[in-house]
Amino acid sequence: MATPQEWAAKGRILRTTRWDEPVMHTPTRPVTDFGPELHQLVADMFATMIAADGVGLAGPQVDADLAVFTFCCPDGNDRIRHGVVCNPMVTLPEGRDRHLDATEEGCLSWPGSYQPLARPDKAVCEGVDENGNPVRIEATGLLARCVQHETDHLNGTVFGDRLSKRSRKLLDEQKQAHAHLYPDDWPITPKG
């Protein structure tokens, strides 16, 4: 698998869509064509994710209604993992195996704002890569949060939808307070 930087070198930086745009609240279409168009989208997504200093990016965040996400993220052992997942399915632990981590979460599509959100500290994400080959990620730590967050995007859910009304209000206030730093076409135009 190519590194994120190798992918990004073939891509162009795209504008990140914001939560108030329809594509962010609509479930995506499954990826069925694993050809050059998908590979270019993946390259563009890596370029955009790197330019925005993100750890994950889903198709809707670059205005693509396809079930694909890219990631370059540390796991629970601080080991950087990277890849592409198309058509992901996430399985979360249940019962005694389920431990919640209420860490702050942010989103490249609602830049400059963070709120704590409890999510399971482990997740298994299965799907296929950009070539249609099976992928299975046993995720811990931030990577577990990442695969849950990105898969939510593909199902039309933003993490703000999972917050209490009070936390969502604080998140929106933070976004407004930092809006002047993020041009409409960010990260094409860098943060101010």
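What follows draws every value from the coordinates through simple rules; no lab data is involved. Just so we're clear, the structure is a prediction, and the values are computed from it rather than from any experiment. Don't worry about glycine lacking a Cβ; one is built from the backbone with ideal geometry, like all the others, and counts go over all protein chains shown.
Report, to two decimal places, the Cα Rg of the range 32-136 normalised by 2.2 N^0.38 Å (N = number of residues). List each step's numbers first, then the result.
On the way: Rg = 14.6 Å, N = 105, 2.2 N^0.38 = 12.9 Å.
Compactness ratio reported: 1.13.
Taking the Cα centre as origin and putting +1 on Lys and Arg beta-carbons and -1 on Asp and Glu beta-carbons, what dipole magnitude results for the range 97-178, to the nearest 20 debye?
For the range 97-178, the charge dipole is close to 460 debye.
If I take every Cα pair under 8 Å that is 6 or more residues apart in the chain, average their sequence separation and divide by the length, what percent do I get for the relative contact order? Walk me through the intermediate numbers first.
Details: 405 pairs, mean separation 46.1, N = 192.
That works out to 24 percent.
Return the lysines within reach of K122: Cα separation strictly under 29 angstrom, same-chain partners fewer than 8 residues apart disregarded; answer none if there are no such residues.
Partners within reach: K165, K169, K175.
Among A9, V31, P190, whose Cα sits farthest toward the positive end of the charge dipole of the chain (+1 at Cβ of Lys/Arg, -1 at Cβ of Asp/Glu, about the Cα centre)?
P190
Say the dipole of the chain comes from +1 at the beta carbon of Lys and Arg and -1 at that of Asp and Glu; which of V42, L117, N87 then lies farthest toward its positive end?
With unit charges placed on the Cβ atoms, the residue in question is L117.
Hey, got the dipole for the range 47-137? About the Cα centre, +1 on K and R Cβ, -1 on D and E Cβ, debye to the nearest 20?
220 debye
How many Å³ per residue does the convex hull of the Cα positions in the range 1-75 occupy?
Spelled out: Cα convex hull of the range 1-75, divided by residues, is 101 Å³.
Between the alpha-carbon centers of the range 163-187 and the range 1-79, tell me the distance in whole angstrom.
Taking the Cα centre of the range 1-79 as reference, the centre of the range 163-187 is 21 Å away.
Please give the peptides 111-121, 68-78, 140-150 ranked by average Cβ packing (other Cβ atoms within 10 Å per residue), highest first, as a rough proxy for protection.
Averaged packing, sorted descending, gives the order 140-150, 68-78, 111-121.
Setting aside same-chain residues fewer than 8 positions from K191, which aspartates and glutamates have a Cα under 15 Å from its Cα?
By straight Cα distance, K191 reaches D53.
Can you give the helix-only mean residue ellipticity at 222 nm for the chain, where every DSSP H stretch with n ≥ 4 adds -39500 (n - 2.57) and the sum goes over all residues, rounded to the nearest 500 deg cm²/dmol?
-8000 deg cm²/dmol
Jot down the radius of gyration and Dmax of the chain, Cα atoms only, both in angstrom.
15.7, 46
What ratio of Cα Rg to 2.2 N^0.38 Å holds for the range 86-156? Working shown, then result.
On the way: Rg = 12.9 Å, N = 71, 2.2 N^0.38 = 11.1 Å.
Against the empirical 2.2 N^0.38 Å value, I get 1.16 for the range 86-156.
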